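Report on the following structure.
Only the coordinates and a few stated rules stand behind these numbers; no lab work does. Predicted, not measured: the structure shown is a model, and the values here were computed from it. All Cβ positions, glycine included, derive from the backbone under ideal geometry; neighbour counts span all protein chains shown.
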Amino acid sequence: MSNLEKYIQENKESFENEPLSGHFDRFSNKLDSLPAGKKISLFPRLMKVAAIAVLIILSSLWTYEKVFQQTSKDGIALGDVSPEYKEVEQYYQYQINVKYGEMNSAHLFTDSIQKRMVLNELSEMDSIYNCMKKDLKTNPNDERVINAMIEHYRLKVEVMNNLLEQLQKLQTNQKQISHENNEI
């Protein structure tokens, strides 16, 4: 039990008493005796709260723009060009995320070095894509850059499919060899 709860329990009777007679009249007289400029008003407090809320909102927007909206410095994505390209980009990003998930969850890699090498190669592909994003920022209507970005996505999905297929074959072969060794 906290000290406050203990104090309240020990002094329960004093909390149940009504204020002394005339308390409300004395309180009202004190409010009336305040000079006109010192009357208690909620308006200044509300203005302070509103000003603080505006500052918080503005600082949050500034932080979001500076921290989370890095595309303005790094280039623009396909989705920033048109809604159709946004759908294409979302489709390929979904496919790539699914493939990454399959690679991480399936335990297809025989060792961590192999996994690190594959992930490094894929991140190099991402760095190429980031260069294309910068090119797209300088030439937002250049169909060659847009087509290269779409082709990059398609190739990355194809490379990931081939990697997964090869890793699954390797895993199947290793299981088959270990099964044959166990039978002998």
If the cut-off is 27 Å between C-alpha atoms, which lysines fall inside it for Lys86, apart from same-chain ones fewer than 8 positions away?
Lys66, Lys73, Lys99, Lys133, Lys134, Lys137, Lys156
Across segment 87-103, in residue order, what do the Karplus-derived ³J(HN,Hα) couplings come to in whole Hz, using 6.51 cos²θ - 1.76 cosθ + 1.60 with θ = phi - 60° and x for Gly and Pro?
5, 4, 4, 5, 4, 5, 5, 4, 4, 5, 5, 4, 5, 4, x, 5, 5
Apply the Karplus curve 6.51 cos²θ - 1.76 cosθ + 1.60, θ = phi - 60°, to the phi angles in segment 159-170 and return the couplings in whole Hz, x for Gly and Pro.
4, 5, 4, 5, 4, 4, 4, 5, 5, 5, 5, 4
Just how large is the dipole of the chain about the Cα centre, in debye to the nearest 20, putting +1 at every Lys and Arg Cβ and -1 at every Asp and Glu Cβ?
900
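Calculate, in nm to one decimal, what Asn97 and Ser123 gain on full extension: separation in residues at 0.36 nm each, minus their alpha carbon distance.
Full extension of this stretch gives 8.0 nm more.
If you place +1 on the Cβ of every Lys and Arg and -1 on the Cβ of every Asp and Glu, how big does the dipole about the Cα centre of segment 76-183 come out, in debye to the nearest 20?
Numbers: 12 positive and 17 negative charges, 42 e Å.
My answer is approximately 200 debye.
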Evaluate E = 1/(1 + (r/R0)^6) for Asn104 and Ser60, where r is the Cβ-Cβ distance and R0 equals 35 Å; express this FRET efficiency to the nearest 0.05.
0.60
Label Glu84 and Tyr7 with points 7 Å out from Cα along Cα→Cβ: what is the distance between them in nm?
7.2
